[in-house]
1. Among the residues of region 248-257, is any within 16 Å of the ligand (Cβ to nearest atom) and in contact with a helix residue (DSSP H, G or I) (Cβ under 6 Å, 6 or more places away or on another chain)?
2. Within region 274-294, track down each residue that is within 16 Å of the ligand (Cβ to nearest atom) and out of contact with any strand residue (DSSP E or B) (no Cβ under 9 Å at 6 or more places or on another chain).
3. Restricting to region 295-312, and then to whatever is surrounded by fewer than 18 Cβ atoms within 10 Å (Cβ to Cβ) and more than 11 Å from the ligand (Cβ to nearest atom), can you tell me which residue is modelled with the highest pLDDT?
4. Got a number for residues in region 369-382 being in contact with a helix residue (DSSP H, G or I) (Cβ under 6 Å, 6 or more places away or on another chain) and either part of a strand (DSSP E or B) or buried (at least 19 other Cβ atoms within 10 Å of the Cβ) (or both)?
5. Going by the structure shown, is residue 340 touching a helix residue (DSSP H, G or I) at 6+ places or on another chain (Cβ under 6 Å), farther than 17 Å from residue 93 by Cα and either modelled with pLDDT of 95 or more or assigned to a loop (DSSP other than H, G, I, E, B) (or both)?
6. When region 165-181 is examined, which residues are found to be surrounded by fewer than 23 Cβ atoms within 10 Å (Cβ to Cβ) and part of a loop (DSSP other than H, G, I, E, B)?
7. Anything in region 326-338 that is within 14 Å of the ligand (Cβ to nearest atom) and under 25 Å from the mean Cα position of the chain (by Cα)? List them, or say none.
8. Which ones in region 343-368 are more than 15 Å from the ligand (Cβ to nearest atom) and in a loop (DSSP other than H, G, I, E, B)?
Ligand SMILES: [Fe+2]
């Protein structure tokens with residue numbers, strides 16, 4: 001989505017004849033969003049992408065709803081819900097609403113199945129692991145701590161170099177995930193004042209078209225339902241494409257944080273936006289430089305947001321008992337902030353080395369049995385004095 005690019009061979013104009021050496025037509029596929037009113041790509045296939053041999057049932061269970069009697073501040077250790085599976089079957093749904101679903105996954109195995117999320121964009125934060133994203137648009141190297149932003153409808157696979165410790169934090173968005181508007185000019189270029197820019201964004205490199213006939217299993221996710229569609233031709237058969245819809249990668253370490261003289265709100269940590277929720281990230285940065293500044297955050301009631309924070313690495317200055325893979329959920333209605341001693345301890349400190357990813361939703365979040373299994377039952381009382 002970031003900007004227009006082109007890859008491989010494309011004809012001079014859209015929707016004109018474009019022929020292979022043998023005189024046959026390449027098959028143009030317009031991949032458009034919001035009807036025909038938003039960004040799009042034009043893809044040129046060796047074969048019709050609609051050649052389906054058959055469709056089969058397919059089941060993946062990501063978790064079941066859990067409705068707690070009382071709402072409190074929550075902390076969970078997501079590793080407690082670890083299971084087995086590939087890059088899409090291993091996902092454990094932790095919390096969700098109508099706009100967004102948040103999963104954690106320990107990926108233990110590779111699959112040769114192709115995967116497509118038909119209803120949602122995906123932001124996959126690669127907490128642990130490295131490898132390659134394969135897609136119809138080309139390949140992208142996967143590095144540790146990458147965000148992989150995958151538009152809905154993209155056919156792709158993730159393959160990791162090893163499966164000892166591959167961990168993903170996955171955000172499924174039922175609206176388009178975009179770069180915040182306030183980071184871009186009216187015509188789309190990223191502003192000089194934005195904390196990241198086009199040079200930080202990695203786009204797919206098209207590989208030679210795979211022109212193979214056979215049976216190619218494509219697992220399609222429709223909300224909570226799945227089905228397996230057997231394609232007659234390998235889906236990565238593009239000779240070229242152009243446009244603004246494609247998967248891309250951005251590494252959290254390339255986020256250049258904005259710092260202030262006194263504490264700035266999380267708005268400055270914004271990394272992606274979507275309808276009814278935002279994503280922020282916390283990265284190593286110098287603290288506020290007023291001589292009497294308090295670097296730890298104030299207690300806050302952001303009454304329009306449920307706040308999910310996923311802890312990635314480093315020292316989490318405002319929280320106790322937090323490790324990489326911990327996740328906190330602070331629902332609207334109850335203020336939260338540093339635990340006892342943390343505010344005082346932050347005074348005079350010059351910098352922080354924390355990495356964390358945050359999802360702030362404007363509609364209330366619901367929980368799952370995975371979340372219940374991972375809960376730290378003492379967290380809600382952790383602000384009380386000993
Ligand atoms: Fe907060």
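1. Narrowing region 248-257 to residues within 16 Å of the ligand (Cβ to nearest atom): none.
No, because not a single residue in region 248-257 is within 16 Å of the ligand (Cβ to nearest atom) and in contact with a helix residue (DSSP H, G or I) (Cβ under 6 Å, 6 or more places away or on another chain).
2. Of region 274-294, the ones within 16 Å of the ligand (Cβ to nearest atom) are 277-282, 294.
Selection gives 294 alone.
3. If we filter region 295-312 for residues that are surrounded by fewer than 18 Cβ atoms within 10 Å (Cβ to Cβ), which is where we start, we get 298-304.
Filter once more, so that each one left must be more than 11 Å from the ligand (Cβ to nearest atom): 303-304.
Working: 303: 88, 304: 91.
Checked region 295-312; the qualifying residue modelled with the highest pLDDT is 304.
4. Here is the first cut: in region 369-382, the ones in contact with a helix residue (DSSP H, G or I) (Cβ under 6 Å, 6 or more places away or on another chain) are 370, 373-374.
After this cut, where a residue has to be either part of a strand (DSSP E or B) or buried (at least 19 other Cβ atoms within 10 Å of the Cβ) (or both) as well, the list is 370, 374.
The qualifying residues number 2.
5. On the way: touching a helix residue (DSSP H, G or I) at 6+ places or on another chain (Cβ under 6 Å): no; farther than 17 Å from residue 93 by Cα: yes; either modelled with pLDDT of 95 or more or assigned to a loop (DSSP other than H, G, I, E, B) (or both): yes.
So residue 340 fails the test.
6. Across region 165-181, the qualifying residues are 165, 174, 175, 176, 180.
7. Within region 326-338, the first condition is being within 14 Å of the ligand (Cβ to nearest atom), and the residues that meet it are 327-338.
Passing the criteria: 327, 328, 329, 330, 331, 332.
8. Hits for region 343-368 are 347, 348, 349, 350, 353, 363, 364.
The values are calculated or read from the model by the stated rules, or taken from the named source; none is laboratory data. Keep in mind that what you see is a predicted model, and the values were worked out from it rather than measured. Heads up, the Cβs are rebuilt from the backbone with ideal geometry, glycines too, and the neighbour counts pull from every protein chain shown.
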